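See structure below.
The values are calculated or read from the model by the stated rules, or taken from the named source; none is laboratory data. Just so it is clear, the structure is predicted and the values come from calculations on it, not from any experiment. Note: ideal-geometry Cβ built from the backbone for every residue, glycine included; neighbour counts use all protein chains shown.
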Amino acid sequence: MRLIAACLVLTGCFYIDPINARPRIEAIQCRNTSTGLLCANDGYLHRSDKVELSTSVVDPDGSADHATYAWSAFACSDGEALQCDGVAYAESTLARPLIGWPPRGAGVRSIRVDLDVRDERGALVTQSAKFLANDPPTLDVHTAPRSHAIGAPLLISATYGDTDEGATNIQLTWTVVAPVLDAQPALEDVPPASGDAGQRTVTKRLVPTAIGAWDILVVATDALHEATPDHLTFEVGPDQAPCVRQVQPIVPPDGAVLPIVEPTAFQVPLVDDELDAYPRLSSDPLFGTTTFAWSILPPGATARQLLVGATGNSLDFDPGTFTPGQIVELRVEVFDRNHTPIACADGEPTCASAARPQCSQRQTWRLEVR
């Protein structure tokens, strides 16, 4: 400790401890370690960010290198009013500490940082700062997981929310990028939006007008201009011929016959098609339903006979009109609105293309009347 001797005439000398001036500190600086930018230049911080805190110290009568630091960080539940916890969630004695956001998550809207700086002789100076949190909106854009055909309407949904303000103030922008410039159909609203104040879902209807790759870009923007984009990409193909997916009764193996003793209903419960499936995919006027054509090859006949009026998905076969032991072939073929011709020879029991070997437009039963 430095002492100054003051010698006074007649009264002797006295030693006086000089006044210790408080150190001076600048405003607390915050650097976002994710971006390397100062928090003030980076706007609002996200809850996943870590920040480095610092300040500049000037000691008028000593060395700032000998100053000591005591940092405390408090979670605050409101971004404007300082409604902060009474107990710090993070503390440090480093000159430039790293801190993250409080673990209690979404309810934290800001953090308050308190700093105590003491010089080498104990003089104290304090400083505080507040940093606001604002996470961008959440967004998920999706559609039904199926193939998409030209002319087949599809519903595209965007589910969105916001940790800070909820979904109420979120603005959505939609952009459609088609394979060709002249194929830009409008997105139609499908009201109403579903959900609650925390999370909502908006659905749009799109009818693709071109074959190729499509891209739907949706951007959710909150009231503080934080934005979250999400893309939905999908391929649109041609309207293919329908596929028989289920039949009743079972089909016997090649070369075998199905014995029929009593009247039996033959059915096609399920047909796949982008627009004209069975059962019908939707009441939307752009969707239709499968057309069925039933035919029979009687015993000894050389040509198959179309069963006029049999256009539904089922047919009742009565073996009583035939003699026991006779072989009868019963066939169903399915068509969509394009009425794509069946390219296989008449003798083939099924008909699938090389491009889609699991997709048949035809099913034939070989029956033995008993």
Residue among Ala81, Ala106, Ala21 that alone is in contact with a Pro (Cβ under 6 Å, 6 or more places away or on another chain), surrounded by fewer than 18 Cβ atoms within 10 Å (Cβ to Cβ) and either assigned by TED's automatic domain parsing to the domain that holds Gly198 or modelled with pLDDT under 85 (or both): Ala21
Pair list, Cβ < 8 Å and 6+ apart or interchain, from the range 208-236 residues that are in the same structural domain as Pro179 (by TED's automatic domain parsing) and free of Cβ contacts under 8 Å to residues at least 24 places away in the same chain to residues that are of a type in the set (A, V, I, L, M, F, W, C) and buried (at least 18 other Cβ atoms within 10 Å of the Cβ): Thr233/Trp214; Thr233/Ile216
Pairs, first closer than 14 Å to Val332 by Cα and assigned by TED's automatic domain parsing to the domain that holds Leu297 in the range 348-359, second in a loop (DSSP other than H, G, I, E, B) and among the β-branched types (Val, Ile, Thr), C-beta under 7 Å, six or more apart: Cys351/Ile342
Hits in the range 263-297 (condition: aromatic (Phe, Trp, Tyr) and either in contact with a Cys (Cβ under 9 Å, 6 or more places away or on another chain) or within 14 Å of Gly312 (Cβ to Cβ) (or both)): Phe266, Tyr278, Phe292, Trp294
Any chance Leu94 is under 30 Å from Leu53 (Cα atoms), aliphatic (A, V, I, L, M) and without any contact (Cβ under 8 Å) to a residue 60 or more places away in the chain: yes
Failed item in (1) modelled with pLDDT under 95; (2) part of a loop (DSSP other than H, G, I, E, B), with Arg205 passing the rest: (2)
Subset of the range 97-125 that is part of a strand (DSSP E or B) and either among the polar types (S, T, N, Q) or free of Cβ contacts under 8 Å to residues at least 40 places away in the same chain (or both) - its residue that is farthest from His66 (Cα to Cα): Ser110
Residue within the range 126-133 that is loosely packed, with under 14 Cβ neighbours inside 10 Å, assigned by TED's automatic domain parsing to the domain that holds Arg104 and either out of contact with any Lys or Arg (no Cβ under 9 Å at 6 or more places or on another chain) or assigned to a strand (DSSP E or B) (or both) present: yes
Residue match in the range 277-287 (condition: part of a strand (DSSP E or B) and either among the charged types (D, E, K, R) or surrounded by fewer than 15 Cβ atoms within 10 Å (Cβ to Cβ) (or both)): no
